[in-house]
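Q: Below you'll find the structure I mean.
Every read-out reported here was derived from the displayed coordinates using simple, explicitly stated rules and does not represent laboratory data. What you see is a predicted model; the values in this text were computed from it and never measured. Note that each Cβ is placed from the backbone with ideal geometry, even for glycine, and that neighbours are counted across all protein chains shown.
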Amino acid sequence: MEEVDVEPTTTPIPGFDSNQKHLGFVWGPGDILVYETIYKASGGSAGGCPFVHEVRKDEDIYSPILRKLFNESHHIFVGLQRIREDLPMYHVSSLELIWNLCEVLFIDAAPAGSLVLHLLDWVRLHKADVDEKAREVLASESPAEHQAYWDVVISYVLQGRMDEARQVLVKQAALQPAARVMFKLLDNLLMKMPIFNPGETQTLTEFDVKWRHWREEVDHCLQDQSFASNRHLEDICKILVGDEDVLLEYKELLSTWYHFLVTRLLFSHPTVKPTELHYYAQVLTTTLYMIQKPLDSILLAAFEFDIHQVIKDCSIALNNWWFVGHLTDLLDHCKLLQSHNLHFGSNLREFLLLEYASGLFTHHSLWQLAVDYFDHCPEFGRVYLELQIERVPLDTERKALKVIRICEQRQMTEQVRSICKIMAKKALRNNRLGSALSWSIRAKDAAFATLISERFLQDYCAKGTFSDLDLIDNLGPAMLLSDRLTFLGKYREFHRLYGEKRFSDAAKLLLSLMTAKIAPHSFWMTLLTDALPLLEQKEVIFSADQTHELMFCLEELTSGKSVPTPDRPMQVLGYTPPYPLSNVCFPFNLLIHCFIICSNLYSCLARG
Amino acid sequence: MMEGINAKYVSQKISKTRWRPVSSSSLQQPDIFATGSWDNEDNKISIWSIGENGISGLDNEFEGDPQLVCEHKHNGDVLDLQFLDQDRIVTASSTGAVIIFRHHHNSQTLSVSQLWERAHHYPCDNAPCTGIVCNSPEIVTVGEDGRIILFRADQEGVLRTIENADSSTIHDVTFLRTTEILTVNSIGQLKIWDFRQQGNEPSQILSLTGDRVPLHCVDRHPNQQHIVATGGQDGMLCIWDVRQGNMPFSLMEAHSAEMWEVHFHPSNPDHLFSCSEDGSLLHWETSSNSDTPSFLQGGRNTSIVSRSAIAPAGGNQSLISSWLTGDSSKGRLETTHMLPSQTLSVNSLDVLGQCLVCGTDGEAIYVNRRVPI
């Protein structure tokens, strides 16, 4: 087992004293179920506790603000999988800090010369308080005498914002006309400070020469004691030559080690190469500032261009996979992640996305976002989705339809069938036969369609009439889904034909139901009984051939081979009817009916 | 069509959006809409404002960015939502309840005004109420239990119930006349019910021959009472003339997944809007029936659609025809996508005047105030 990088956090369970009893637990998809066992910590056992606690691990996903973030980033993530887009700014400041730094170092990959400028921008973005203070100072009655005046000037210099520094200095210069020359001199130096311009044709070497030249000039002024009479101006001058001791004096204004780092680079090594960054960063962090917060170690790892360490530290520090998942995905798209194979075979990007998406899936509402993430995890995404999608609770038909659509779009036929079956069973339980049939059609589930038809037929046998005629009369091609359903539709058609007095059509249909083996054997008795009124008509309805066939059917029915038992068709399906079939199928009545039918048949034959 | 439309993320999946009605005499554009959420542990209905009349927030980045006016907890998913009048909203809940909320304008709050708790129900389980249509003070609701219920706002009890009106789920309902409604169900049937008749049988049943595709939405033409549009599980848009037997007037391939809502534009019914699970919202525009091609009519259509006047035969082109009554097959049809691609399901839309609002499963609301109609 690996060493633990950080101390794990402890979550106390209310009402539970770990000194007294042992705790039992089991993992869930996004939470842990915890209970008090009967075993005492000191050995032996005592009465248990009836409570089971659910411990959720991720509070973040329930925050409404973060939900907006998740939805927006999902939108962007899906777009990114097709093309690369510009990243938005996120409003959570540490995340922003890390993200922007990663942009500068990894994605924009600024080379020497521009690197310092980009880093300066990064620092400025996250130190907005300077401008606020400046506004306050300048708005006051006498800005040059404001207690924060010099702080403002120096802060601007430390951030490399020479123009702003000069503008504020003017106020002081106005107050001290006698020192006008000195102020003019400093103003000049600040103005002439060379700034590398990547657009120009100036090479890095040329810039370096210029910069050294300017630096010498500043140093000269210092040696000359030109600013000796004003401590502040002298400090500024020393900062310009990169005097570390003075920089240290202004540690408070710099406030963070990375600001210190960037400022120092600006005034000592403006042509620093990306590969040299880590050296300066390390020196700083080991001698001057202590690395305390997780944020610091993440930033340090970034400066060291150790992408994997950045991701690892982020994973530990942040309690939600959102940031890390998206960052890794972005880096992967820029081809910056070597396939860092984890021991169970999936690469780092996929692993993190799977973790993030699984977290989303435990949320009652955000599970839909997770689907797209799983789609873009080529190795395990599908398996994860298959396992998770069946766990989504289905309270309404509308939700079930959405889940099914997701499965259908991904050819997850097993899951479609299973969900449709759940919904169909629920409908059947509530006697919604039309709904149940609708679900069976969606799943192309012939077995269930047969079950539904059996229910209809049972109803008919019990009551003597059909229920839900609107459904049976309008089955359409759905009728072909199962033999039993076809029979149901056709049998109803027979009744309709009979009702319309289209007797010969009715007779033909009735016979075909038996001869074409559409009708289940259990129903043949009913059909033959239905034939009786047709046989009793004055006009001959059944032809000689048809009559023969009827007799043949009767014979088949009464012979030992296929004696119908009431429950046989049901047993085939493994389904026990809740109430017995009508007494039409009792053997006693069977014989009587046979006798009646036989006599009718023979009288027909005699006539015709 | 894409300009002037921005997403507002609202931290809840939106199941329904509806504009508050504006009085027919005023030429004002609508400025208030209501939304209902679904799939949350705590669902809500919310009222939003986009106009100058509304309350503008501090970070009003985009012009007309919807601002929340007030909201109220809702027990269960909001499966349908309709404005009964300027002050009252009726909702259909997944618990089977039908609820009337009152919007108090002076305090800008919502409160429950009336509640029929298990209006739709099974003997043991809950049966969601799936659709509502209002003709103040009458309210008709339908549900998964296959019941049709007639209420009167301000009356406590139920006015009339048609028990077991359908053996499958009824998904939507609309008024054809003041005494006649039309329902659509999950086995692809349209049924017309006449309230003047007693009994529990529909006066007419229509359905597509062919597969029994579940129908999810229906809307009646604002001016012609016999014309309805339906949409269902296969994303096909059908226009029916209910007087004319069993065949729909026209069938059009619209979406690649369930069509959740279809709406004729209330004042300009040459325009129709549909939204779907596939994340798209379509704007359909037909030109009126006339022997004169539209570009010679002057002033009506600024864009000339270069289609042949006769619907193309065969192939995988669906039948295209004007949906207004008449025998012309010389109709033209233009379809426009109104949203940027890659949204999750668009569950609901509403259109009034030049304003369109819709809500998605991506927890976003889109408002367009310059719909070209």
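Q: Could I have the simple spin-label model distance between A:Ser94 and A:Lys444, label points 7 Å from Cα toward Cβ, reported in nm to one decimal?
A: 5.3 nm
Q: To continue, here is another question. Along each of the three principal axes of the Cα atoms of segment A:486-561, give the extent in whole Å, ordering the values from largest to smallest.
A: 36, 27, 17
Q: Right, another one. Can you tally the net charge around B:Gln204? Count Lys and Arg as +1, Asp and Glu as -1, for every other residue whose Cβ sits under 15 Å from the Cβ of B:Gln204.
A: -2
Q: Mind scanning A:Lys463/B:Lys191; A:Lys399/A:Lys463; A:Lys312/A:Lys402 and naming the pairs with a C-alpha gap bigger than 29 Å?
A: Pairs exceeding the cut-off: A:Lys399/A:Lys463; A:Lys312/A:Lys402.
Q: Tally Lys/Arg at +1 and Asp/Glu at -1 over every other residue whose Cβ is under 12 Å from the Cβ of A:Leu528; what's the total?
A: With Lys, Arg at +1 and Asp, Glu at -1, the net is -4.
Q: Sticking with this structure for a sec: In segment A:84-192, which GluC sites (Glu not before Pro) fall in coil by DSSP and have 13 or fewer other Cβ atoms within 10 Å?
A: A:Glu85, A:Glu141
Q: How would segment A:107-201 be classified by its alpha-carbon gyration tensor: rounded, prolate or oblate, with rounded meaning a/c under 1.5 and the a/b versus b/c comparison settling the rest?
A: It is oblate, given that a/c is not under 1.5 and a/b is not larger than b/c.
Q: Here is a further query. Going by amide H atoms built from the backbone, whose H comes under 5 Å of the H on A:Gly113, apart from near neighbours?
A: A:Val272
Q: When a/c is below 1.5 the answer is rounded, else prolate if a/b is larger than b/c, else oblate, so apply that to segment B:175-276 with a ≥ b ≥ c taken from the square roots of the Cα gyration tensor eigenvalues.
A: Since a/c reaches 1.5 but b/c is at least a/b, the shape of segment B:175-276 is classed as oblate.
Q: On to the next question. Taking the mean number of other Cβ atoms within 10 Å as a proxy for protection, how do you rank B:143-149, A:532-538, B:70-76, B:168-174 from highest to lowest?
A: So the peptides B:143-149, A:532-538, B:70-76, B:168-174, ranked by packing, come out B:143-149, B:168-174, B:70-76, A:532-538.
Q: With a 10 Å Cβ neighbour count serving as the proxy for reagent exposure, in which order, fewest first, do B:Met259, A:Met423, B:Met338, A:Met191 appear?
A: Fewest-to-most Cβ neighbours within 10 Å comes out as A:Met191, B:Met338, A:Met423, B:Met259.
Q: Rank the residues A:Met514, A:Met551, A:Met182 as a footprinting-exposure proxy: fewest other Cβ atoms within 10 Å of their Cβ go first.
A: Neighbour counts put them in this order, fewest first: A:Met551, A:Met182, A:Met514.
Q: How about segment A:411-512: which trypsin sites (Lys or Arg not before Pro) there lie in a loop by DSSP and see at most 10 other Cβ atoms within 10 Å?
A: Sites meeting the loop and neighbour criteria: A:Lys501.
Q: Compute and list, largest first, the equivalent-ellipsoid semi-axes of segment B:171-230 from the alpha carbon gyration tensor, each √(5λ) rounded to a whole angstrom.
A: 19, 15, 9
Q: Under the Kirkwood approximation applied to all pairs of distinct alpha-carbon atoms, what is the hydrodynamic radius of segment A:102-157 in Å?
A: Result for segment A:102-157 stands at 13.0 Å.
Q: Compute the Cα gyration tensor for segment A:148-298, then decide on rounded, prolate or oblate, letting a ≥ b ≥ c be the square roots of its eigenvalues: rounded whenever a/c is under 1.5, prolate when a/b is larger than b/c in the other cases, and oblate in all that remain.
A: oblate
Q: If you take each beta carbon of peptide B:252-263 and count the beta carbons of other chains within 10 angstrom, what is the mean?
A: Counting other chains' Cβ atoms within 10 Å and averaging over B:252-263 gives 1.
Q: While we're looking at this one, here's another question. What ranking of B:Thr109, B:Thr343 emerges when the number of other C-beta atoms within 10 Å of each C-beta is taken as an exposure proxy, fewest first?
A: Least to most surrounded, the residues fall as B:Thr109, B:Thr343.
Q: Enumerate the lysines that A:Lys133 could reach by cross-link, defined here as Cα to Cα under 24 Å, with residues fewer than 8 away along the same chain left out.
A: By straight Cα distance, A:Lys133 reaches A:Lys171, A:Lys238, A:Lys251.
Q: Ignore the peptide's own chain and count Cβ atoms of other chains within 10 Å of each Cβ in A:427-434; give me the average, rounded.
A: The per-residue average across the peptide is 6.
Q: Quick one: 3J(HN,Hα) in Hz for segment A:293-305, Karplus 6.51/-1.76/1.60 with θ = phi - 60°, rounded, Gly and Pro as x.
A: Couplings: 8, x, 4, 4, 5, 5, 5, 4, 4, 5, 5, 7, 6 Hz.
Q: If I take R0 = 30 Å and measure r between the Cβ atoms of A:Ala606 and A:Leu469 in this structure, what FRET efficiency does the formula 1/(1 + (r/R0)^6) give, to the nearest 0.05?
A: Working from the Cβ atoms, E equals 0.15.
Q: How charged is the neighbourhood of B:Asn164? Take every other residue with its Cβ under 9 Å from the Cβ of B:Asn164, and add Lys/Arg as +1 and Asp/Glu as -1.
A: -3
Q: Taking 0.36 nm per residue of sequence separation and subtracting the Cα-Cα distance, how much length would be gained by fully extending the chain between B:Ser23 and B:Asn268, in nm to one decimal?
A: Full extension from B:Ser23 to B:Asn268 adds 86.6 nm.
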